[in-house]
Ligand SMILES: NC(=O)C1=CN([C@@H]2O[C@H](COP(=O)(O)OP(=O)(O)OC[C@H]3O[C@@H](n4cnc5c(N)ncnc54)[C@H](O)[C@@H]3O)[C@@H](O)[C@H]2O)[C@H](O)CC1
Ligand SMILES: [K+]
């Protein structure tokens, strides 16, 4: 079954109201991505990983991926696309503040902090279901950078720049090798495997009753 962005946000809110907080949804989302990364790269401890994080919860998911991957010995660089003080959500900010305390993770603050980096894996946590309109800077430059590399690209929830409802793209968009989308397939994704790559749908612990009245 495929759902709309509006339905996803309603389900997320219902889950939160039932007592399953967004912070845990985010943790489960990031952990589910790491499982898929480990499937593809059992030797991830020898890999250099570049994580792009936007200022919303798509970025928050990516910060969780970064933290979990350090536990497997991967060399992690996280590039936040903006000022930490501009992070939009408490869930994303909480994860950023943890990374700030982790010497094992290199932190950057814009695409310029990522250019001299020969990476094996890129995590696209720039934009997810909260995308609106044409891509603004520095997100646009980050997307260009991602597409220029021949690193393995895995998208958080949606390839950044793809409209999850329609499958249309903004002026810039990530072409991913794999997309891990959460809870249920988003309506506009199956027809855009050219951008999503292989799509995995991962449950993140939201009670199914959160769908009552929505689906
Ligand atoms: N649905 C769930 O159960 C869960 C979803 N998770 C993740 O959360 C994102 C959605 O997060 P949200 O904060 O609502 O939006 P985004 O992070 O996708 O984007 C908002 C962020 O991006 C900026 N922005 C929007 N449009 C543009 C643009 N055209 N150019 C530049 N910047 C743009 C906006 O200003 C905000 O800063 C979902 O995709 C999942 O990944 C939860 O973490 C887990 C549960
Ligand atoms: K994304």
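The values are calculated or read from the model by the stated rules, or taken from the named source; none is laboratory data. Everything numeric in this text was worked out from a predicted model, so none of it was measured. Here Cβ is always computed from backbone atoms with ideal geometry, including for glycine, and neighbour counts include all displayed protein chains.
Things to note:
- Screening residue 12 against (1) part of a helix (DSSP H, G or I); (2) on the phi > 0 side of the Ramachandran plot leaves a single unmet condition, (2).
- Among the residues of segment 176-196, those that are closer than 19 Å to residue 151 by Cα and within 12 Å of ligand 2 (Cβ to nearest atom) comprise 176, 178, 179, 180, 195, 196.
- Residue list for segment 122-155, filter: more than 14 Å from ligand 2 (Cβ to nearest atom) and within 22 Å of residue 34 (Cα to Cα): 149, 150, 151, 152
- Among (1) farther than 30 Å from residue 24 by Cβ; (2) within 13 Å of ligand 1 (Cβ to nearest atom); (3) without any contact (Cβ under 8 Å) to a residue 12 or more places away in the chain, the one test that residue 112 misses: (2)
- Scanning segment 56-70 for residues that are within 13 Å of ligand 2 (Cβ to nearest atom) and touching a helix residue (DSSP H, G or I) at 6+ places or on another chain (Cβ under 8 Å) yields 56, 57, 59, 60, 61, 62, 63, 65.
- Filter result for the condition that a residue is surrounded by fewer than 22 Cβ atoms within 10 Å (Cβ to Cβ), at pLDDT 95 or above and within 12 Å of ligand 1 (Cβ to nearest atom), over 179, 169: 169
- Only one entry of 49, 79 meets the criterion of being farther than 24 Å from residue 199 by Cβ, assigned to a strand (DSSP E or B) and in contact (Cβ under 8 Å) with a residue 60 or more places away in the chain, and that entry is 79.
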